[in-house]
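Asker: Sending over a structure as structure tokens; questions will come in a sec.
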Amino acid sequence: MAERVGRGLPFEGSPMLARARRLPASLWFVILVVLALVVAVIVAIVAHTSNPLDAEVRNFSVTSPTATSVTYQVTKSPLSTSRCQVQAVDVDHDVVGTTDDVIGPTDHNQRTTVKTVTVKTTTIAVSAQLGTCSLLHTS
């Protein structure tokens with residue numbers, strides 16, 4: 001046991017460890033900052049690809065007992081095409097009308113698109129919601 005205590009850490013005398021010890025503290029700081037930035041970029045990319053589409057209803061208005069106008073916003077990659085199912089809902093939260101709307105690629109790297117669609121309804125609607133929004137394809 002006494003022999004092992006005096007030996008020190010494994011690889012303690014290695015040339016690579018000796019060179020690393022000679023680096024100034026400011027260089028170590030720069031290396032750590034660069035590594036932190038790389039990790040942050042990777043996390044941002046993963047977060048973006050896991051949720052590349054965001055959509056929400058912005059406004060709706062009843063235009064007649066059998067039609068509702070719905071304005072919604074979609075945020076997606078400018079080159080992608082998506083399809084959103086827009087639904088009109090009655091007082092019991094039942095879907096009384098639905099329409100599918102396709103949002104194609106946008107110009108000038110525009111990520112957010114605001115669309116207004118008319119949803120035909122079986123009875124008067126009191127609200128609107130998005131059923132599903134999904135990417136069809138990305139160019």
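The values are calculated or read from the model by the stated rules, or taken from the named source; none is laboratory data. Computed from a prediction, not measured in an experiment: that's the story for all the values here. FYI the Cβ positions are ideal-geometry reconstructions off the backbone, even for glycines, and counts take in every protein chain you see.
Asker: Do any strands (runs of 3 or more DSSP E) lying entirely in the range 38-126 carry at least 3 residues that are of a type in the set (Ser, Thr, Tyr), modelled with pLDDT of 90 or more and farther than 27 Å from His137 by Cα, and which ones are they? Full working, then the answer.
Answerer: Numbers: elements: 54-64, 67-75, 80-89, 95-103, 112-120.
Where strands (runs of 3 or more DSSP E) fall fully within the range 38-126 and carry at least 3 residues being of a type in the set (Ser, Thr, Tyr), modelled with pLDDT of 90 or more and farther than 27 Å from His137 by Cα, they are 54-64.
Asker: Go through the range 73-104 and report how many residues are over 17 Å from the mean Cα position of the chain (by Cα) and not hydrophobic (A, V, I, L, M, F, W, C).
Answerer: Looking only at that region, the number is 12.
Asker: Out of all the residues in the range 110-125, which are surrounded by 13 or more Cβ atoms within 10 Å (Cβ to Cβ) and either in contact with a Phe, Trp or Tyr (Cβ under 7 Å, 6 or more places away or on another chain) or of a type outside the set (Gly, Ala, Ser) (or both)? Spell out how you get there, then give the answer.
Answerer: Of the residues in the range 110-125, the ones surrounded by 13 or more Cβ atoms within 10 Å (Cβ to Cβ) are 113, 115-125.
If the condition is that a residue be surrounded by 13 or more Cβ atoms within 10 Å (Cβ to Cβ) and either in contact with a Phe, Trp or Tyr (Cβ under 7 Å, 6 or more places away or on another chain) or of a type outside the set (Gly, Ala, Ser) (or both), then Thr113, Lys115, Thr116, Val117, Thr118, Val119, Lys120, Thr121, Thr122, Thr123, Ile124 are the ones that fit.
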